[in-house]
Every structure is written in C-alpha cells, then in structure tokens.
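The values are calculated or read from the model by the stated rules, or taken from the named source; none is laboratory data. Values in this document were obtained by computation on a predicted structure and should not be read as measured data. Cβ coordinates were reconstructed from backbone atoms using ideal geometry, including for glycine residues, and neighbour counts include every protein chain displayed. These area figures cover heavy atoms from the full protein model, side chains too; ligands, DNA and RNA do not enter into them. Shrake-Rupley method; radii C 1.70, N 1.55, O 1.52, S 1.80 Å.
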Amino acid sequence: MNQVNLLSPARTPISILCATSVLIGTGGCGETLRCEPGATESRDLDSPPTFADHRIVSSAPANYEFGDGTAIRLEFDAPIEAAQELHVMGEHSGPMEGLVTVNGSTLEFTPDNSPMAGERITVLLPKSAKASDGSFLAPHGFVWQFYVSATPASAPLSESSLREIERHSTQGVEGNFSQTYGGVAIDLDRNGFADLALVNEHSDDVVTFSNTSDGSIGMQRQPGTMATGHGPSPSHAADLDGDGFVDLVVANTRDDVVSLYKGESDGRLSPWQELPTGCQPRGVTLIDVNADGLEDIVTADYVDDSLSIHVNAGNGNFLVRTVLETPDIEGDYAIGAGDIDNDGVMDLVVGGHDDGTIMGLLGRGEGHFIPGPSTTTPKGLWHVNVADLSGDGIADVAVAGGHSGKGSLIVSTEPGVFGEATIHTTDPGNASTDLGDLDGDGDLDWVLSSFSTSNSDWSFFENDGAGNFRRFMEFDSPEDASCCILVDFDRDGDLDAALIDEADDVLIMLENE
C-alpha cells in the first residue's frame, strides 16, 4: 500500500514565542535541568471555526472491538471514488501493507500478512478521501482502533499462567548501571516476530534485542547501543516517514529533546534527528493531529505545565514546535491517545503528576484541541493507557500512580465522559501500566509495575469483562520493576510478557502457558 505525504496547511498561532532565555531547574535525579525551547508557536486549548462531521456509516471491526484483523471495512453514506487509501498500523507488527478495494459505498482493506494476536490496530482514513461526486468524506479524517483476538486460555488465569523462559542483561555497557525504564516491542526486521528496543535512563542509550523467530520466545541481544539525549525515558514507535519501516521516538527528560531513530531495511535503528520539547518531557505519544496519514509527536512537558506538538510534514521533516497550554493540569507528566468521544478523531489524555488530574483533550482537526472530560486520581501519577476496559466500545483510562503506590482505573460512563477512579493499592512506586488480553476472552487485562521497596513486583490483574479487576499473580522483581510489555512473541496465539527491572538492568521473558 502506498502512503501519500500531505503537508500540513498553514496555521495562525495565537502568539509566537522566540525564546532565548534559559530556565534552570532540577531534574528527577537531582541533576541540573536546562530548558532552551527555541522558536515555537503557542496556543491555548481552542477549536477552529467549524467542526465538520464525517460521512462514515460503520467500521468493522468497530472501535475498540476485537476481531481477526483479516478484513477491515468502512461503509459510507454515498458511493466513493475508486482510488482510496487507508493507513493501517499494528502496535507490534508495524505498518501493514495490503489490498484496498472499493465497491460502491464500501471500502475494504485486506492485509498481506496476518497481524499479531492481541495487538492493537490503528486505522486511519486521510482527510483527502472523497465521494464519487468530489465531496470530502471526512474533513478531519477518520480513525479507529481495534484489537486482534487472542487464543482463549484453557484454564482461568493464575500464578502458573506465565512461566519464566530466560533473562538478559539490558546494560548499555556490561557491568555499568544503566537503569532500563522501558521500551517498545515492534517487528523491526519485518519477519513477522516482535523485537525489542529498550531505553536506559542512566547510561543514555537504547539497546535492541532481535526475536529468534523460531517460536521459542528467545531474544538475542544485538551488538552496540544507540546514544540518546540526557535522561531518556518514555518511548513510542511508528512509521514516521512512510517508508514501511518502524521508527522510534524517545523523550529525554534532562536536555529537553526527543531523539528520533530511523528504521532501516535490515532491521536496525539508526540515529536520525532531535527535536526540541518543553522543559522536562515526561510523556510522549504519537497521534495524527492533521489527518494526513502521518503520525505526529506530542510530549507532556512537566516543568512547563504544557504539551509540545511536532507536526510531521513528511519525508522526515517536522514543522516548528507548537506549545499547547493546559492550565487545568498541574505538572503534565503522562500522556496517551485514543478516540475518547467516539467521533472518529483522535484525542489526547493527559495526567498531571502534581494534582492527579486526568483530563481528555478533544481533537478538532489541524492540531486543535478543546477541553474534555476530567477526573482526579491520587497525586504523583506517572503513566496512562487509553483503551476500552469495560467492553462497551468507549475508551477508558488505566493509570500508574507513580509515587502514590496506587493504580487507578477510570471507566467512562458515556463517550467523552469519565467516571470516578477506582483505586487499586499495590507496592509503592507504580512506574508503568500495561494492558493486554492474557486469557483470550475478549477483554483487556492489566499489569502494574512497582518499584522502590523490597517487595517490588509486577502485579497482574484479570478483567471480568466489565472493567472489574482481580489480582491473580505477583511476580517478584530482582530489585525494581519498571515496565511490562505484553506481546505474542512466539506467535502461538496468546500474549507473553517481557518484564524490565530498572535497578537490576534485566529483561525477563515470560511465556503464556
């Protein structure tokens, strides 16, 4: 499938900041933080003069549903042009190529290769799509997400559901402390198996592991490392330049840039470029804010209490950074993306570390957002996931409580309306919240990674299908659990787990039994 790179149209900013001053603060580990944002655009939460509705009748699979991933369909309210494009991205399998066919008012996409069990698929119809009469079908684009069904488990989830297979050092240089916070699982070499790219906060580098691709769930450490900025932490992956290979974005908390790494045809990642952020970026997500089929970069900048948006102009070029002010959030820290109001336009969910606020920012096209739903969780949060937890087709939010030692689940009562948070107490220090259908029953289970005590562990929770969770397993970490990545690493139809310990610098692979 060919992708079309569309340049973002010119935008009128609320104000232009050409900052030359330097802000000195303190980083999370007591190090000096130097913020030099450079030239930016700045805007408050706002909306364009009009917000046009899309003309989609239905999507299959529907938003947040589970499906087999072999056929993706859109039905419109009128006949459509024969030449259409659809951008399909697997969270772990990467950009999906396939056949796009048009039959009257129906568009269908059939992928060339099967997606991975349990992975989230994002589908985007660009704003350029037209009906047969030349009118636009979705002036702000149309996007939805669904999950690929996993094989149902033969027994209820228990402490014996996941078995340790192997351990690997994640240190950038063997014997030197690296503090591996987390990373991504993505098919870098395009052979159908998920590989790993892990981020080291202390040694300022990225290490990669290749899947042995023989069904054994084995991982092979690749030689060398890739240098990052100072204090790398959150990361995200997508095909940023439309060449069919996955690229990596890493936010650096102590020199205020995001480092980009380009996916190469041989499965390697190579240093690409750096983009400025605000002061101390603590969260990063990728979202197509202008509906041109290319992912844009958004960071949550903790010290500045704001977001930074870099619009992808195609061919590896990014427009000047837009600063999005968020006055109702104190200490922007966690960030995620999803269509929380079910209007076909991606939204942002931002978590405030200092006040525990969880707030939705509703997308209105061309990088514009307006204030959406909000609720509160315990102060000190670190990380959020956006997904349907209750099975009603509406996005909910799972929160890692950070220093509070409490995970929070926010089940929406209707599209674009957050309910009150349900609190789950774990061991202190929730660094990461991760979701996946471990038992293949068509709902998302939950893992919280806890650090900072002698009882540090990974807490596994089973979903009853309605957004109620029971803890079924605690897996002890060597020192400080920091992350869990749920993926079908061996391609046997169920989700396995990659566990990361940030104090022992170790990767632990668990196989789903």
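Per residue, the chain exposes 35 Å² of accessible surface when a 1.4 Å probe is rolled over the protein heavy atoms with every protein chain present. With contacts taken as Cα pairs under 8 Å and at least 6 residues apart, region 434-482 reaches a relative contact order of 32 percent. Couplings for region 204-218, taken from phi via the Karplus curve 6.51 cos²θ - 1.76 cosθ + 1.60 with θ = phi - 60°, read 6, 7, 10, 10, 10, 10, 9, 5, 5, 6, 10, x, 9, 6, x Hz in order; Gly and Pro are left as x. Counted residue by residue at 0.36 nm each, then reduced by the alpha carbon distance between them, the extension gain from A83 to E264 reaches 62.2 nm. Give the value in nm², to one decimal: projected area of the alpha carbon convex hull of region 45-185, averaged over all directions. Mean shadow area of the hull around the Cα atoms is 14.1 nm². Along each principal axis, taking the top coordinate minus the bottom one, the Cα set of region 225-283 gives 34, 22, 15 Å in descending order.
Sorting the Cα pairs of region 301-393 by distance into bins of 10 Å, from 0 upward, gives 16, 46, 31, 7, 0 percent per bin. The D68 and E97 beta-carbon pair, evaluated with R₀ = 22 Å, returns a calculated FRET efficiency of approximately 0.80. Let me test this: with uniform point scatterers at the alpha carbons of region 259-332, what is the Debye-based log₁₀ I(q)/I(0) at q = 0.24 1/Å? Taken in order of the listed q values, log10 I(q)/I(0) reads -1.11.
Taking amide H atoms as placed 1.01 Å from N in the peptide plane, the amide H of V506 lies under 5 Å from those of T170, D501, each 5 or more residues away in sequence or on another chain. Here the spin labels are modelled as points 7 Å beyond Cα on the Cα-Cβ line, and at S58 and T212 they lie 4.6 nm apart.
Which value in Å is the Kirkwood Rh of region 133-186 over different Cα pairs?
Working: mean 1/r = 0.0564 Å⁻¹.
Kirkwood hydrodynamic radius for region 133-186: 17.7 Å.
For region 155-305, pairs of C-alpha atoms spaced more than 26 angstrom apart make up 30 percent of the total. Inter-part distance, region 156-217 to region 226-300, computed on C-alpha centroids, equals 19 Å.
Amide H contacts under 5 Å for D388: D396, restricted to partners 5 or more places along the chain or on a different chain, H placed in the peptide plane at 1.01 Å from N.
For region 208-340, the fraction of 1.4 Å probe accessible surface lying on carbon and sulfur atoms is 44 percent. In plain terms, the bigger the Kirkwood radius, the slower the diffusion; for region 429-513, with that radius from Cα pairs, at 4 °C and 1.567 mPa s, Stokes-Einstein puts D at 100 µm²/s. Whole-percent P(r), region 354-491, all Cα pairs, 10 Å bins from 0: 13, 41, 33, 12, 1.
Taking every Cα-Cα distance in the chain and sorting them into 10 Å bins starting at zero, the pair-distance distribution P(r) comes out as 4, 20, 33, 29, 12, 2, 0 percent.
For D437, the residues whose modelled amide H falls within less than 5 Å of its own, excluding neighbours fewer than 5 places apart on the same chain, are D445.
For region 399-410, the Karplus equation 6.51 cos²θ - 1.76 cosθ + 1.60, evaluated at θ = phi - 60°, returns couplings of 10, 8, x, x, 5, 6, x, 10, x, 10, 10, 10 Hz by residue, with Gly and Pro reported as x. If the chain linking R167 and T110 were pulled fully straight, counting 0.36 nm for each residue of separation and taking away their Cα-Cα distance, it would gain 16.8 nm.
Look at where the Cα atoms of region 442-459 and of region 301-317 average out, and the two centres are 30 Å apart. Normalised by the number of residues in region 241-379, the average gap of Cα pairs under 8 Å and 6 or more apart makes the relative contact order 15 percent.
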